[in-house]
Amino acid sequence: MNLQPKENKLVSPYFAFYLINTMQVGVGVLGFQRYIAKSAGHDAWMAVITGGILIHLLVWMSYRMLKNSGGDLVAVHEDIAGKAIGGALSTLFTVYSGFLALTVLRTYIEVIQVWMFPHINIWGISLILLGVVYYFVSGGFRIVTALGFFSVILGTPLIFLKYFAVKDSHIYNILPLFDHSVTDFFVATKTMTLNYLGFEMLLLYYPFIKHPEKSEKWSQWGVFFTILVYTITAVESFAYYSQGQLKHTIWATLTLWKIVEFPFVERFEYIGISMWLFVVLPNVCIAVWCVTRGFKRVYSIKQKHTLIPVLILIFAGTLFFKDRQEIDLLNSLVSKAGYYIIYFYIPLLFVLHWLVLKVRRKKDA
Amino acid sequence: MPKAKLMMAAILLFLVGCTPQKQVLEDIQLVGVVGYDDASGNKIQATVSVPTTEGGSEQAVLSSTTYSARSHTSRNIRQILQAETPKPFASGRVSVIIFNEELASRGITKIIDSLQRDPSVGRNIYLAVAKGSTKDMLSKEYPVGEIVPAYLKRMIEQNMELTFPRANFHHFNYSYYGKGSDPFMPLLEEKHGHIRIAGVALFDHSKYVDHISFEDSFIFKLLYQNFRQGSHEYKLGKENYLTLENLSSHVNYDIYNANTNPKINITIRVTGKVNDAAGTPLYQEKKIKMIEKTIQKQTEQDAEKMVDRLQKKGIDPLGLGDRARSRARRFDFKEWNQKYPDIPVHVKAKIKVTQGGIVE
Amino acid sequence: MFGKRRQKKQDRSQNQSPRQTKTRLTFEQLMEKCGASKDFVSFTKSDKHPFTISYYKSMVNPDLVHKDLIPYLTRYSSLSLKELSREIPVENIEHTSDVQTIMDSLLTGSVIVQSRPGKSDCLLIPAATTEKRQISVPETEFSVVGPKEAFTETLEVNINMVRKRLPIPELHVKEVTVGKLSKTRVVILYIDGIVNMENVNTLKQRISAIEYDHILDSSYILQMISDNQYSPFPQLINTERPDRVAAVLSEGKVAVLVDGSPSALTGPTTLVEFFSAFEDYFLSWHIASVFRMIRLFSVLFSVLSTPLYVAVLTFHYEMIPTDLLGTLIASRSGIPFPPIVEAIILELAIELLREAGARLPSKVGQTIGIVGGICIGTAAVQAGLTSNVLLIIVALAALASFTTPVYQMSNTIRLIRFPFLIFAQFWGLLGVAICSAFVLGHMLRLTSLGRPFLAPLFPLRMTDLKDALFRLPFNRQSLRPLQMRPEDPVRFNSQRGLQKNDIEE
């Protein structure tokens, strides 16, 4: 199948910033504080930073790998394991992308269900949201990128809402620093992984960036901006909530929005949740796009032919996971899979690919 | 293809049938204030105050009415209340929740728990304790030009800007769920046809145990937070009194040896102006120094007495434990709680009085 | 599904129009055909001079025939046609015997002169009368300051108005004729050397591909050559101001003028351009920028205010500010309809007023506006049918939609409010967000002559932002918009423009 997409379908390198950032900031921001605080308490915000630094490293690895292969993850797999096994591995990764989309969508619907409309029909809202996803994904990668761009533009101002919590915050809450053991710290970093997931979609959309080598700088800035967003959110939440209170607060960011008051509107969380649609949509769209692209690369099926079945499967998935426990399970499963993919699989691929290319070069020489 | 479009249209029409439950503004009763009283047989009695309108849309008049019922759980009370109202209740606009003293001293865990879970309840609502029955308090009319829910909310709100420490539902949760501090809330009473704040109601976790008078709430606020408003009366000499108007106050806690042998120094810095010092010439440097000294002495005394009283009761509304935790690694709350009543606390006040008034 | 239907239509139209059959007429047949019309004249003055003159009375200028034609024909009665053509003081005389050409020029107002009746060899003397309207003040794009000329229905006058403003040989005018019945002349204007020829070719190719019997206005063309004909958004700007056309031509855009239409099309365009009034360039840049922001805000307000009202009142009563709550409850009490019905009724009422006002002569229209606005509004509130708060919102929203300078766009804005209303009724604020997502997706997929519609916002072009949401001062406008990919992007030397002298120099 064609490796290089047409020139007019490509996006400028600086969009890597938005693509990376929008994929990493999703439903996680609404309630990650509780999970990381479970192990590392008031020190957990530092885990956000260390986790982020690891992501910087992984993005660096991915770029080395992709530059050398001159294509995407599928090409890397073929380089290492040949067509058959490589294809199987790529398929696994594609399936993982699909689950990522499902997790994000289902968690967002859960938020809607808990916070806005307790009596809402899951299948109804899921259908209409997937309709939006279809509309964007069928427009191609440029449209999906545009969505990511607008998502960052619309979502970033929401950080400033934390200002409303500042006057009730006790910054001494995050003191003393380094009050937890290294293992606690490690566990918190690991928990943080789920929130940073999504950048690995780079492995599939890489060929769609114009002069992709030039986009590395932007990707790294994208990761940096993600870390910034998460760190600000974590520090402010730790200062605003007591640790005991945080344990009882499932959606800390959303609860914080409850105190936001403007002269023309109170109870900002309803606006926030609605606006969050624009933050969640690109997550789902990029992941779904990656699924269709993956199938096209491996099995040469047209993207428009896979899109509808993939959306139907995701729709079925949103109906399958019913209550809080099951959604938690889904989240932790995908988180675990993502954890192994980014912390073990990508470094492993990186080393293997490097070795393979070295051996091959020797042979050629 | 036309078939596909028809299908789309059919699905859309079908979706229309599955929209979430509507809560149209005029078809619900917006509960403004909830009052909880204790009732016999382990029951609680809830009274809700609801705004109502009379007349058409042009000349509508707002007033409030109350409903009240008794049961074991707050959810069930809602059920019972529903039986006598024309429209369903909605809890999204609750602005004040009041507990009567007896119920509060029995503990309010259950009510807090159900409030906490309800996503439509805000976090900047006020909790309060009332002397006497909340039912009586809510069902009376007050000549203040506002309906009861708005009156209560505004009254508490503006006092928290002044001499009363900030305490809303979020602050309550902060201390209630967190370790090392105890919640407090305003204590209301009905007097001379008005509702007034009578003081600070102090809680030991979920139980109301003690209160500080409204006059002393300024001292409490000085210890509790930095703020920029409010005033307090001091005694000057034998018969003279003066009022210090706070311009800005800062409090600083120094906690030593939090894990082993704790000792606490509290420093309060107040800049204020004296407006009402009958007969004292305020332009004399010497006089001002004297006034500053008097205020400082009285503040230190009052504050130390107050902290001592809190320690004796074993409650910690100032969050000393929380602050101590931030000063020490591997902090042990159990040990702290044992030592708490006997920790030496020293308060130091630094007062700066600036010229007051527009004439000399 | 649409492709097939169109195919069928084409087949039918070809079968049913014998006019288009390519069988050639003889000259006699032509004369006979023309003679069937009452306004066709064909005569020989006298035996002294043999020339026969034929023309459509309604199409030619009688002065010209009387003063410049007949006297010469009498004087040079013995000359041949070829010699005669040199003597008659009219330019562009054609000497032909091609029946098709004769027919075409007869119908566009030529006089034909034959040496002998019945002989197809003849002179074609252009004598078309051009009845034209006076150039008037722009009405839909009125500006307080600046030029007060608007295009008229005459193509030559319109081209003249543009060329007067751009007196350079690089201003090219290319003509295409479209419409099987109307034979409308459509011209494409561009400045060679600035414009990207790709845009010109796209436009030319699309206009030539138009299959329609009559083209009576540029808005026909606008709809027919749009990239996405199913979109409610106009994708080219329709303007009646020659100054605006001159300005966009010098930016590297392409303009289209249509004979018989008092408005020009310009493209490629972007969404933000629809919200920039040409007056923005006549005011100082701070003021222009503020007005532009107000206009953009008013679009948002116009589209979202009623849907938000419906969403908040139907689902999210928690969000209403405490101070407003009493007012709202009071104004809603006793209203028999749910917010959505109330909103739709009022929105439709406003549309009704607008439509009635637009269809009536302006004086009556004004009365309708006042009667409708004041009487019906007040009466509806007093009767307790609608709440006064919503009345204010709807009226403001309607007002806001009129701030959009381009008429087509302001219609679109009023239209897309309705899907938002429906989504708001079904999913509250979330529904508004979902509908916005659809609209955003739609606008992202739109293109204008193949260039992205949402630029310079997406793809983000920092240099183009200088004249999008804001209008920066002229010395910052040294580059033409990159959107058009102009061949020569530099307007002037920015170094010289931005040079700053030291104090005291």
Q. How do C:Met161, B:Met306, C:Met103, B:Met137 rank when sorted from fewest to most other Cβ atoms within 10 Å of their own Cβ?
A. C:Met103, B:Met306, C:Met161, B:Met137
Q: Please state the charge dipole magnitude for the stretch C:25-126, taken about the Cα centre, from unit charges on C-beta atoms (+1 on K and R, -1 on D and E), reported in debye and rounded to the nearest 20.
A: 320 debye
Q.
Need one value for B:322-329: mean number of C-beta atoms belonging to other chains within 10 Å of its residues' C-beta atoms.
A. 5
Q) Counting only the backbone N, which residues of the stretch C:152-167 are under 18 Å from the spot 7 Å out from the Cα of C:Gln134 toward its beta-carbon? A) C:152-154, C:157-158
Q. Can you give the angle from 0 to 90° between the axis of helix B:2-16 and the longest principal axis of chain B, with both taken from C-alpha atoms, to the nearest 10?
A. 50 degrees
Q.
Using the Cα centre of the stretch A:18-364 as the reference point, and only Cβ charges (+1 on K/R, -1 on D/E), how large is the resulting charge dipole? Debye, rounded to the nearest 20.
A. 1240 debye
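How would you classify the stretch B:87-228 from its alpha-carbon gyration tensor, with a ≥ b ≥ c the square roots of the eigenvalues: rounded for a/c under 1.5, else prolate if a/b is greater than b/c, otherwise oblate?
rounded
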Q) Are there trypsin sites (Lys or Arg not before Pro) in the stretch B:141-234 that DSSP marks as loop and that have at most 12 other Cβ atoms within 10 Å, and which are they? A) B:Arg228
Q | At q = 0.23 Å⁻¹, base-10 log of I(q)/I(0) for the stretch B:163-263 (Debye sum, equal scatterers on each alpha carbon) | A | -1.28
Q.
To make sure I understand, if each residue's beta carbon is the centre and we count other beta carbons within 10 Å, what order do A:Trp60, C:Trp427, A:Trp251 fall in, fewest to most?
A. A:Trp60, A:Trp251, C:Trp427
Q | Table column - 3J(HN,Hα) (Hz), the stretch C:459-471, Karplus curve with 6.51, -1.76, 1.60, x for Gly and Pro | A | x, 5, 10, 4, 5, 7, 5, 4, 9, 10, 6, 10, 10
Q) Mind listing which GluC sites (Glu not before Pro) in the stretch C:34-96 are in a DSSP loop and have 16 or fewer other Cβ atoms within 10 Å? A) C:Glu91
Q: With a point put 7 Å past each Cα toward its Cβ, work out how far C:Val157 is from C:Met462 in nm, to one decimal.
A: 4.8 nm
Q. Average partner chain C-beta neighbours within 10 Å, per residue of B:122-133?
A. 2
Q.
I'd like the orientation of helix C:197-208 relative to chain C: the angle between its Cα long axis and the longest Cα principal axis, in ° from 0 to 90, rounded to 10.
A. 70 degrees
Q) Between C:Leu399 and A:Leu92, what is the spin-label point distance in nm, taking each point 7 Å from the Cα along the Cα→C-beta axis? A) 6.5 nm
Q: Identify the residues of the stretch A:72-94 with backbone N under 17 Å of a label point that sits 7 angstrom from the Cα of A:Lys362 along the Cα-to-Cβ direction, or state none.
A: A:80
Q.
Students often check this: by mean Cβ neighbours within 10 Å, which of A:221-230, C:133-142, C:429-438 ranks highest, and how do the rest follow?
A. C:429-438, A:221-230, C:133-142
(Q) Run lengths n ≥ 4 of DSSP H only: what is the helix-derived mean residue ellipticity at 222 nm for chain C, with -39500 (n - 2.57) per run over all residues, to the nearest 500? (A) -14000 deg cm²/dmol
**Q.** A:Met192, C:Met293 arranged by Cβ crowding within 10 Å, fewest neighbours leading
**A.** C:Met293, A:Met192
Q: With a point put 7 Å past each Cα toward its Cβ, work out how far B:Tyr241 is from A:Phe160 in nm, to one decimal.
A: 4.7 nm
Q. Taking Cα pairs under 8 Å and at least six residues apart, what relative contact order does chain A come out at, in percent?
A. 39 percent
Q | Long-range amide H partners of B:Gly230 with built H, under 5 Å | A | B:Asn246
**Q.** Modelled FRET efficiency - R0 22 Å, C:Arg485 with C:Gln205, Cβ distances, 0.05 increments
**A.** 0.80
Q.
Could you tell me which residue out of C:Ile413, C:Tyr317, B:Asn246 lies farthest along the dipole of the protein assembly as shown toward its positive end? Charges go on the beta carbon: Lys and Arg +1, Asp and Glu -1, centred on the Cα centre.
A. C:Ile413
**Q.** Test item: Cα-centred dipole of the protein assembly as shown, Lys/Arg +1 and Asp/Glu -1 on Cβ, debye
**A.** 3040 debye
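Average partner chain C-beta neighbours within 10 Å, per residue of C:437-449?
5
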Q | Relative contact order (percent, whole number), chain C, Cα cutoff 8 Å, 6+ residue spacing | A | 13 percent
(Q) Averaged across orientations, what area in nm² does the convex hull of the alpha carbons in the protein assembly as shown project? (A) 68.5 nm²
Q: Work from the charge dipole of the stretch B:162-223 (Cβ charges, +1 for Lys and Arg, -1 for Asp and Glu, about the Cα centre) and give the residue of B:Gly180, B:Val200, B:Ser213 farthest towards its positive end.
A: B:Gly180
Q: Among the trypsin sites (Lys or Arg not before Pro) in the stretch A:96-174, which ones are in a DSSP loop with at most 16 other Cβ atoms within 10 Å of the Cβ? Mind listing them?
A: A:Lys167
**Q.** Pairwise centroid distance, computed over Cα atoms, of the stretch A:123-183 with the stretch A:290-333, Å
**A.** 21 Å
Q | Per-selection Rg to Rh, chain B - Cα, Kirkwood hydrodynamic radius | A | 1.09
Q | Residues of the stretch A:160-183 with amide N under 19 Å of the 7 Å Cα→Cβ point at A:Thr50 | A | A:174-183
**Q.** Potential extension, C:Arg86-C:Asn228 segment - 0.36 nm per residue separation minus Cα distance
**A.** 45.9 nm
Q: Report, to the nearest 10°, how far helix A:324-340 tilts away from the longest principal axis of the Cα atoms in chain A, using its own Cα long axis and a range of 0 to 90°.
A: 40 degrees
Q: For B:Lys348, go through the aspartates and glutamates and keep the ones whose alpha-carbon is under 18 Å away, minus same-chain ones fewer than eight residues off.
A: B:Asp216, B:Asp254, B:Glu292, B:Glu300, B:Asp302, B:Glu304, B:Asp308
Q: Could you point to the residue in B:Ile28, C:Leu189, C:Val41 farthest towards the positive end of the protein assembly as shown's charge dipole, with +1 and -1 charges on the Cβ of Lys/Arg and Asp/Glu respectively?
A: C:Leu189
Q. Counting each DSSP H run of 4 or more residues in chain A as -39500 (n - 2.57), what helix-only mean residue ellipticity at 222 nm follows after dividing by all residues, to the nearest 500 deg cm²/dmol?
A. -24000 deg cm²/dmol
Q: Any of C:Lys148/C:Lys253; A:Lys67/A:Lys362; C:Lys164/C:Lys204; A:Lys322/B:Lys87; A:Lys258/B:Lys313 with alpha carbons more than 27 Å apart? Name them for me.
A: A:Lys322/B:Lys87; A:Lys258/B:Lys313
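Every number here is computed from the coordinates shown, using simple stated rules; none is lab data. Just so it is clear, the structure is predicted and the values come from calculations on it, not from any experiment. Note that each Cβ is placed from the backbone with ideal geometry, even for glycine, and that neighbours are counted across all protein chains shown.
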